[in-house]
Amino acid sequence: MTSPRQLLLCLFVFLVTFSFPSYSANNKAQAEKELKILKAAISDIQKELQSNLTEQSQAQQKIQIIDKKLAAASSALRSTQAKLESEKHKLADLKIEQTQKVELREKQRQRLAAQLKSAYISGRQEYIKLLLNQEDPTKVSRMLEYFRYLNQARIDDIEKLQQTLQRLEVIEQDIQTTLESLAELEQSQKNQQKQQQTLKEQQQIALQELKDSYNNQNSRLNKLKRDEEELAKVIRSIEQTLRQFAPKQSLSGLAKHKKKLQWPASGPLVYRYGSNKLGNRLKWNGILIGAKEGTSVHAIHHGQIVFSDWLRGYGLLVIVDHGQGYLSLYGQNQSLLKSPGDWVEAGEPVAISGGSGGSGEPGLYFEIRYKGKPQNPIRWIK
(Lines give C-alpha, C1' and ligand atoms only; values in the text may rest on other atoms or scores of the structure.)
Protein backbone atom coordinates (compact mmCIF):
# COMPACT_ATOMS: atom_id res chain seq x y z
CA MET A 1 0.00 0.00 0.00
CA THR A 2 1.32 3.45 -0.92
CA SER A 3 2.01 5.73 2.05
CA PRO A 4 0.95 9.44 2.16
CA ARG A 5 4.63 10.41 2.04
CA GLN A 6 5.14 8.40 -1.16
CA LEU A 7 2.05 10.04 -2.68
CA LEU A 8 3.43 13.50 -1.86
CA LEU A 9 6.78 12.55 -3.40
CA CYS A 10 5.05 11.33 -6.59
CA LEU A 11 3.04 14.57 -6.76
CA PHE A 12 6.22 16.64 -6.35
CA VAL A 13 7.96 14.72 -9.16
CA PHE A 14 4.88 15.21 -11.38
CA LEU A 15 4.89 18.98 -10.76
CA VAL A 16 8.61 19.30 -11.42
CA THR A 17 8.40 17.20 -14.58
CA PHE A 18 5.32 18.72 -16.15
CA SER A 19 4.55 22.11 -14.63
CA PHE A 20 7.91 23.89 -15.07
CA PRO A 21 8.47 23.13 -18.78
CA SER A 22 4.90 24.26 -19.47
CA TYR A 23 5.52 27.46 -17.46
CA SER A 24 8.74 28.13 -19.40
CA ALA A 25 6.99 27.55 -22.73
CA ASN A 26 4.20 29.92 -21.67
CA ASN A 27 6.77 32.59 -20.78
CA LYS A 28 8.42 32.22 -24.17
CA ALA A 29 5.10 32.36 -25.99
CA GLN A 30 4.10 35.46 -23.99
CA ALA A 31 7.42 37.19 -24.80
CA GLU A 32 6.97 36.44 -28.50
CA LYS A 33 3.40 37.74 -28.37
CA GLU A 34 4.50 40.97 -26.66
CA LEU A 35 7.31 41.47 -29.17
CA LYS A 36 4.85 41.00 -32.03
CA ILE A 37 2.53 43.60 -30.51
CA LEU A 38 5.47 45.97 -29.97
CA LYS A 39 6.56 45.65 -33.60
CA ALA A 40 3.00 46.24 -34.78
CA ALA A 41 2.71 49.37 -32.61
CA ILE A 42 6.02 50.73 -33.93
CA SER A 43 4.87 49.94 -37.45
CA ASP A 44 1.75 52.06 -36.80
CA ILE A 45 3.99 54.97 -35.78
CA GLN A 46 5.95 54.63 -39.02
CA LYS A 47 2.73 54.48 -41.07
CA GLU A 48 1.53 57.66 -39.42
CA LEU A 49 4.81 59.36 -40.32
CA GLN A 50 4.41 58.20 -43.90
CA SER A 51 0.89 59.64 -44.02
CA ASN A 52 2.33 62.99 -42.91
CA LEU A 53 4.50 63.02 -46.05
CA THR A 54 1.93 65.26 -47.81
CA GLU A 55 2.58 67.95 -45.18
CA GLN A 56 6.19 68.22 -46.33
CA SER A 57 7.35 70.46 -49.11
CA GLN A 58 8.25 68.96 -52.48
CA ALA A 59 11.92 69.50 -51.69
CA GLN A 60 11.59 67.61 -48.39
CA GLN A 61 9.71 64.77 -50.08
CA LYS A 62 12.41 64.58 -52.73
CA ILE A 63 15.13 64.43 -50.06
CA GLN A 64 13.33 61.56 -48.30
CA ILE A 65 12.97 59.58 -51.53
CA ILE A 66 16.61 60.13 -52.51
CA ASP A 67 17.88 59.34 -48.99
CA LYS A 68 16.09 55.98 -49.02
CA LYS A 69 17.31 55.15 -52.53
CA LEU A 70 20.84 56.09 -51.51
CA ALA A 71 20.54 53.89 -48.41
CA ALA A 72 19.53 50.90 -50.57
CA ALA A 73 22.32 51.59 -53.08
CA SER A 74 24.93 51.97 -50.31
CA SER A 75 23.77 48.74 -48.66
CA ALA A 76 24.02 46.88 -51.99
CA LEU A 77 27.48 48.34 -52.59
CA ARG A 78 28.72 47.25 -49.14
CA SER A 79 27.38 43.75 -49.79
CA THR A 80 29.17 43.61 -53.14
CA GLN A 81 32.41 44.87 -51.61
CA ALA A 82 32.20 42.24 -48.87
CA LYS A 83 31.68 39.49 -51.47
CA LEU A 84 34.54 40.93 -53.53
CA GLU A 85 36.90 40.77 -50.56
CA SER A 86 35.76 37.22 -49.80
CA GLU A 87 36.42 36.11 -53.40
CA LYS A 88 39.85 37.80 -53.37
CA HIS A 89 40.80 35.91 -50.20
CA LYS A 90 39.49 32.70 -51.75
CA LEU A 91 41.57 33.29 -54.90
CA ALA A 92 44.69 34.00 -52.84
CA ASP A 93 44.18 30.78 -50.82
CA LEU A 94 43.64 28.76 -54.01
CA LYS A 95 46.82 30.09 -55.57
CA ILE A 96 48.81 29.27 -52.43
CA GLU A 97 47.41 25.73 -52.44
CA GLN A 98 48.09 25.45 -56.18
CA THR A 99 51.76 26.37 -55.67
CA GLN A 100 52.06 23.85 -52.83
CA LYS A 101 50.46 21.08 -54.90
CA VAL A 102 52.70 21.79 -57.90
CA GLU A 103 55.78 21.49 -55.65
CA LEU A 104 54.38 18.28 -54.15
CA ARG A 105 53.65 16.90 -57.63
CA GLU A 106 57.26 17.42 -58.73
CA LYS A 107 58.62 15.76 -55.57
CA GLN A 108 56.29 12.81 -56.02
CA ARG A 109 57.30 12.44 -59.67
CA GLN A 110 61.00 12.52 -58.82
CA ARG A 111 60.58 9.98 -56.04
CA LEU A 112 58.54 7.65 -58.23
CA ALA A 113 61.01 7.97 -61.10
CA ALA A 114 63.88 7.07 -58.78
CA GLN A 115 61.99 4.03 -57.48
CA LEU A 116 61.13 2.81 -60.98
CA LYS A 117 64.68 3.27 -62.15
CA SER A 118 66.03 1.34 -59.15
CA ALA A 119 63.49 -1.43 -59.66
CA TYR A 120 64.36 -1.69 -63.34
CA ILE A 121 68.09 -1.96 -62.72
CA SER A 122 68.22 -4.37 -59.81
CA GLY A 123 64.80 -5.44 -58.63
CA ARG A 124 64.16 -8.39 -61.00
CA GLN A 125 67.76 -9.67 -60.98
CA GLU A 126 67.93 -9.69 -57.16
CA TYR A 127 64.67 -11.62 -57.00
CA ILE A 128 65.97 -14.33 -59.38
CA LYS A 129 69.28 -14.59 -57.47
CA LEU A 130 67.36 -15.23 -54.24
CA LEU A 131 65.58 -18.18 -55.78
CA LEU A 132 68.64 -19.71 -57.55
CA ASN A 133 71.06 -19.38 -54.65
CA GLN A 134 68.69 -21.31 -52.35
CA GLU A 135 69.78 -19.31 -49.32
CA ASP A 136 68.44 -19.72 -45.86
CA PRO A 137 64.59 -19.87 -46.12
CA THR A 138 64.21 -17.30 -43.32
CA LYS A 139 66.43 -14.84 -45.18
CA VAL A 140 64.62 -15.54 -48.47
CA SER A 141 61.28 -14.87 -46.75
CA ARG A 142 62.59 -11.65 -45.24
CA MET A 143 63.97 -10.40 -48.57
CA LEU A 144 60.74 -11.29 -50.40
CA GLU A 145 58.82 -9.30 -47.79
CA TYR A 146 61.20 -6.38 -48.37
CA PHE A 147 60.57 -6.47 -52.14
CA ARG A 148 56.83 -6.67 -51.51
CA TYR A 149 57.07 -3.62 -49.28
CA LEU A 150 58.96 -1.68 -51.97
CA ASN A 151 56.39 -2.65 -54.57
CA GLN A 152 53.51 -1.52 -52.31
CA ALA A 153 55.35 1.77 -51.64
CA ARG A 154 55.53 2.41 -55.39
CA ILE A 155 51.79 1.69 -55.72
CA ASP A 156 51.05 4.10 -52.84
CA ASP A 157 53.22 6.80 -54.42
CA ILE A 158 51.41 6.39 -57.74
CA GLU A 159 48.04 6.77 -55.98
CA LYS A 160 49.23 9.86 -54.11
CA LEU A 161 50.47 11.39 -57.34
CA GLN A 162 47.09 10.71 -58.95
CA GLN A 163 45.34 12.41 -56.01
CA THR A 164 47.61 15.43 -56.31
CA LEU A 165 46.95 15.70 -60.05
CA GLN A 166 43.18 15.44 -59.46
CA ARG A 167 43.28 18.12 -56.75
CA LEU A 168 45.31 20.39 -59.04
CA GLU A 169 42.67 20.02 -61.72
CA VAL A 170 39.92 20.97 -59.22
CA ILE A 171 41.97 23.96 -58.01
CA GLU A 172 42.45 25.20 -61.57
CA GLN A 173 38.69 24.96 -62.18
CA ASP A 174 37.98 26.80 -58.90
CA ILE A 175 40.46 29.53 -59.81
CA GLN A 176 38.78 30.03 -63.18
CA THR A 177 35.32 30.17 -61.56
CA THR A 178 36.56 32.63 -58.92
CA LEU A 179 38.14 34.87 -61.56
CA GLU A 180 34.85 34.96 -63.45
CA SER A 181 32.98 35.77 -60.22
CA LEU A 182 35.47 38.54 -59.43
CA ALA A 183 34.98 40.07 -62.86
CA GLU A 184 31.19 40.09 -62.39
CA LEU A 185 31.47 41.57 -58.89
CA GLU A 186 33.89 44.26 -60.04
CA GLN A 187 31.47 45.26 -62.79
CA SER A 188 28.60 45.32 -60.28
CA GLN A 189 30.72 47.44 -57.96
CA LYS A 190 31.39 49.97 -60.73
CA ASN A 191 27.69 50.16 -61.61
CA GLN A 192 26.70 50.58 -57.96
CA GLN A 193 29.36 53.23 -57.36
CA LYS A 194 28.08 55.11 -60.39
CA GLN A 195 24.49 54.83 -59.13
CA GLN A 196 25.56 55.99 -55.65
CA GLN A 197 27.38 59.00 -57.11
CA THR A 198 24.33 59.93 -59.22
CA LEU A 199 22.09 59.77 -56.14
CA LYS A 200 24.52 61.91 -54.14
CA GLU A 201 24.41 64.54 -56.87
CA GLN A 202 20.60 64.39 -56.82
CA GLN A 203 20.74 64.70 -53.03
CA GLN A 204 22.77 67.91 -53.29
CA ILE A 205 20.37 69.34 -55.87
CA ALA A 206 17.37 68.53 -53.63
CA LEU A 207 19.17 70.10 -50.66
CA GLN A 208 19.75 73.28 -52.62
CA GLU A 209 16.07 73.34 -53.62
CA LEU A 210 15.15 73.02 -49.93
CA LYS A 211 17.43 75.94 -49.02
CA ASP A 212 16.00 78.02 -51.86
CA SER A 213 12.47 77.34 -50.57
CA TYR A 214 13.18 79.35 -47.40
CA ASN A 215 12.19 82.95 -47.83
CA ASN A 216 14.00 84.15 -44.72
CA GLN A 217 15.42 83.11 -41.35
CA ASN A 218 11.92 82.84 -39.88
CA SER A 219 10.86 80.20 -42.40
CA ARG A 220 14.06 78.30 -41.67
CA LEU A 221 13.40 78.58 -37.93
CA ASN A 222 9.81 77.36 -38.36
CA LYS A 223 11.08 74.37 -40.33
CA LEU A 224 13.57 73.42 -37.59
CA LYS A 225 10.88 73.78 -34.92
CA ARG A 226 8.52 71.54 -36.88
CA ASP A 227 11.29 68.97 -37.18
CA GLU A 228 11.83 69.02 -33.40
CA GLU A 229 8.09 68.74 -32.78
CA GLU A 230 7.91 65.76 -35.13
CA LEU A 231 10.73 64.03 -33.23
CA ALA A 232 9.12 64.81 -29.88
CA LYS A 233 5.84 63.36 -31.15
CA VAL A 234 7.59 60.17 -32.27
CA ILE A 235 9.32 59.83 -28.89
CA ARG A 236 6.03 60.32 -27.01
CA SER A 237 4.42 57.63 -29.16
CA ILE A 238 7.36 55.29 -28.55
CA GLU A 239 7.27 55.85 -24.78
CA GLN A 240 3.53 55.22 -24.68
CA THR A 241 4.02 52.06 -26.74
CA LEU A 242 6.84 50.86 -24.48
CA ARG A 243 4.73 51.38 -21.34
CA GLN A 244 1.93 49.30 -22.80
CA PHE A 245 3.58 46.65 -24.94
CA ALA A 246 7.30 46.39 -24.19
CA PRO A 247 8.49 42.81 -23.54
CA LYS A 248 9.27 42.13 -19.90
CA GLN A 249 13.04 42.28 -20.32
CA SER A 250 15.56 43.59 -17.77
CA LEU A 251 16.79 46.92 -19.12
CA SER A 252 18.47 48.89 -16.36
CA GLY A 253 18.79 52.29 -18.07
CA LEU A 254 21.86 54.52 -18.22
CA ALA A 255 21.86 56.19 -14.81
CA LYS A 256 24.73 54.06 -13.50
CA HIS A 257 26.87 54.54 -16.60
CA LYS A 258 27.68 58.25 -16.59
CA LYS A 259 31.10 58.96 -18.09
CA LYS A 260 31.50 55.23 -18.84
CA LEU A 261 29.87 54.79 -22.27
CA GLN A 262 31.81 54.67 -25.52
CA TRP A 263 31.33 57.26 -28.27
CA PRO A 264 28.80 56.11 -30.87
CA ALA A 265 31.13 57.01 -33.74
CA SER A 266 34.64 58.31 -34.27
CA GLY A 267 35.08 61.93 -35.28
CA PRO A 268 35.49 65.45 -33.87
CA LEU A 269 32.76 67.15 -31.86
CA VAL A 270 31.24 69.70 -34.27
CA TYR A 271 28.31 71.00 -32.19
CA ARG A 272 27.84 70.65 -28.44
CA TYR A 273 24.64 70.08 -26.55
CA GLY A 274 22.94 73.39 -25.73
CA SER A 275 25.03 75.43 -28.15
CA ASN A 276 23.36 77.96 -30.46
CA LYS A 277 21.56 76.75 -33.55
CA LEU A 278 20.53 79.15 -36.30
CA GLY A 279 22.20 82.10 -34.63
CA ASN A 280 20.93 82.13 -31.08
CA ARG A 281 17.28 81.40 -31.86
CA LEU A 282 17.43 77.65 -31.18
CA LYS A 283 19.57 75.26 -29.16
CA TRP A 284 21.07 71.88 -30.01
CA ASN A 285 19.26 69.05 -28.18
CA GLY A 286 22.12 66.66 -28.89
CA ILE A 287 25.62 66.71 -30.33
CA LEU A 288 26.90 66.50 -33.87
CA ILE A 289 29.92 64.25 -34.36
CA GLY A 290 31.95 64.89 -37.53
CA ALA A 291 32.01 61.22 -38.53
CA LYS A 292 33.16 60.56 -42.06
CA GLU A 293 30.68 59.09 -44.52
CA GLY A 294 30.62 55.30 -44.24
CA THR A 295 31.72 55.25 -40.57
CA SER A 296 30.12 52.57 -38.37
CA VAL A 297 27.67 53.91 -35.80
CA HIS A 298 27.58 51.85 -32.58
CA ALA A 299 25.00 51.45 -29.85
CA ILE A 300 26.26 53.04 -26.64
CA HIS A 301 24.66 50.40 -24.40
CA HIS A 302 22.55 47.25 -24.37
CA GLY A 303 18.99 47.87 -25.54
CA GLN A 304 16.24 47.27 -28.06
CA ILE A 305 15.67 49.03 -31.39
CA VAL A 306 12.32 50.85 -31.19
CA PHE A 307 12.61 53.03 -34.31
CA SER A 308 14.55 52.59 -37.55
CA ASP A 309 13.30 54.78 -40.38
CA TRP A 310 13.53 58.17 -42.07
CA LEU A 311 12.35 61.20 -40.09
CA ARG A 312 12.07 64.75 -41.38
CA GLY A 313 15.04 66.85 -40.29
CA TYR A 314 16.93 63.84 -38.89
CA GLY A 315 17.18 61.63 -41.96
CA LEU A 316 17.66 57.91 -41.42
CA LEU A 317 17.25 57.61 -37.67
CA VAL A 318 17.75 54.79 -35.14
CA ILE A 319 16.31 54.97 -31.64
CA VAL A 320 17.39 52.47 -28.97
CA ASP A 321 15.45 51.87 -25.76
CA HIS A 322 17.77 51.26 -22.78
CA GLY A 323 15.02 50.92 -20.19
CA GLN A 324 13.97 53.05 -17.21
CA GLY A 325 12.96 55.90 -19.54
CA TYR A 326 16.33 56.22 -21.34
CA LEU A 327 16.57 56.40 -25.13
CA SER A 328 19.57 57.01 -27.41
CA LEU A 329 19.10 58.52 -30.89
CA TYR A 330 21.40 58.24 -33.92
CA GLY A 331 20.48 60.45 -36.90
CA GLN A 332 21.62 61.62 -40.37
CA ASN A 333 22.75 58.08 -41.27
CA GLN A 334 23.51 56.87 -44.77
CA SER A 335 21.89 53.49 -44.11
CA LEU A 336 20.38 51.52 -41.24
CA LEU A 337 21.55 48.08 -40.10
CA LYS A 338 18.85 47.13 -37.58
CA SER A 339 15.07 46.80 -37.51
CA PRO A 340 12.51 47.56 -34.76
CA GLY A 341 12.46 44.77 -32.18
CA ASP A 342 16.15 43.86 -32.64
CA TRP A 343 18.26 43.61 -29.48
CA VAL A 344 21.71 45.19 -29.53
CA GLU A 345 24.74 45.12 -27.28
CA ALA A 346 27.08 47.97 -26.41
CA GLY A 347 29.41 48.64 -29.36
CA GLU A 348 27.24 46.77 -31.87
CA PRO A 349 26.85 48.57 -35.24
CA VAL A 350 23.34 49.94 -35.77
CA ALA A 351 23.90 52.23 -38.78
CA ILE A 352 26.40 53.70 -41.25
CA SER A 353 26.97 57.45 -40.95
CA GLY A 354 26.14 59.82 -43.78
CA GLY A 355 24.39 63.08 -44.51
CA SER A 356 20.70 62.21 -44.83
CA GLY A 357 17.76 64.39 -43.84
CA GLY A 358 19.01 67.48 -45.63
CA SER A 359 22.00 67.96 -43.34
CA GLY A 360 24.22 68.85 -46.27
CA GLU A 361 27.39 67.29 -44.89
CA PRO A 362 28.33 63.90 -43.37
CA GLY A 363 28.17 63.44 -39.63
CA LEU A 364 26.28 61.70 -36.84
CA TYR A 365 23.58 63.50 -34.89
CA PHE A 366 23.37 61.93 -31.43
CA GLU A 367 20.96 62.43 -28.54
CA ILE A 368 20.22 60.87 -25.17
CA ARG A 369 16.72 61.36 -23.75
CA TYR A 370 15.35 60.59 -20.30
CA LYS A 371 11.56 60.43 -20.05
CA GLY A 372 11.33 62.37 -23.28
CA LYS A 373 13.62 65.22 -22.23
CA PRO A 374 17.00 65.82 -23.98
CA GLN A 375 20.07 65.19 -21.84
CA ASN A 376 23.67 66.29 -22.31
CA PRO A 377 25.32 63.21 -23.93
CA ILE A 378 28.77 64.34 -22.77
CA ARG A 379 27.75 63.46 -19.21
CA TRP A 380 27.37 59.81 -20.24
CA ILE A 381 30.05 59.15 -22.86
CA LYS A 382 33.74 59.14 -22.09
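In whole Hz, with x marking every Gly and Pro, tabulate ³J(HN,Hα) for region 231-237 from phi via Karplus 6.51 cos²θ - 1.76 cosθ + 1.60, θ = phi - 60°.
5, 4, 5, 4, 5, 4, 5
Roughly how large, in nm² to one decimal, is the mean projection of the convex hull of the alpha-carbon atoms in region 248-362?
Its average projected convex-hull area is 7.3 nm².
Given H placed on each backbone N at 1.01 Å, which residues far from Leu311 in sequence or on other chains put an amide H within less than 5 Å of it?
Hits under the 5 Å cutoff: Leu316, Leu317.
Which FRET efficiency value, to the nearest 0.05, is calculated for Lys117 and Gln176 with the Förster distance at 41 angstrom and r the Cβ-Cβ distance?
For R0 = 41 Å, the calculated efficiency reads 0.65.
At Leu269 and Asn376, where each label point lies 7 Å from the Cα along Cα→Cβ, what is the point-to-point distance in nanometres?
Output for this residue pair reads 0.9 nm.
Please give the net charge around Ser188, taking every other residue with its beta carbon less than 14 angstrom from that of Ser188, where Lys and Arg add +1 and Asp and Glu add -1. It would help to have the intermediate numbers written out before the result.
Values: positive: Arg78, Lys83, Lys190, Lys194; negative: Glu85, Glu87, Glu180, Glu184, Glu186.
Within the 14 Å Cβ shell, the charges total -1.
How would Thr198, Thr177 rank on accessible area, largest to smallest, probe 1.4 Å?
Ranking Thr198, Thr177 by accessible area, largest first, yields Thr177, Thr198.
For Glu228, Glu172, Glu106, Glu184, give the ranking by accessible area with the largest first, probe 1.4 Å.
Glu184, Glu172, Glu106, Glu228
Net charge around Leu364, counting only other residues with Cβ within less than 12 Å of its Cβ (Lys, Arg = +1; Asp, Glu = -1)?
-2
In the structure shown, do any of Lys36/Lys68; Lys256/Lys382; Lys258/Lys382; Lys62/Lys225; Lys233/Lys373; Lys223/Lys283 have a Cα-Cα gap over 18 Å, and if so which?
Lys36/Lys68; Lys62/Lys225, as the Cα separations exceed 18 Å there.
Tell me, what % of the accessible area of region 243-356 is carbon and sulfur with a 1.4 angstrom probe? Intermediate values should be presented prior to the final figure.
Details: 2280 of 4760 Å².
Looking at region 243-356 in its full context, I get 48 percent from C and S.
Between Lys88 and Glu32, 0.36 nm times their residue separation minus their Cα-Cα distance comes to what?
Answer, rounded to one decimal: 16.0 nm.
Treating the beta-carbon of each Lys and Arg as +1 and of each Asp and Glu as -1, no other charges, what is the dipole magnitude of region 153-261 about its Cα centre, to the nearest 20 debye?
Dipole magnitude for region 153-261 comes out near 1480 debye.
The values are calculated or read from the model by the stated rules, or taken from the named source; none is laboratory data. These numbers were taken from a predicted model, which means no experiment stands behind them. Positions of Cβ are generated from backbone atoms using ideal geometry, with glycine treated the same way; all protein chains shown enter the neighbour counts. What goes into the accessible areas is simple: the full protein's heavy atoms, side chains included, and nothing from ligands, DNA or RNA. Shrake-Rupley method; radii C 1.70, N 1.55, O 1.52, S 1.80 Å.
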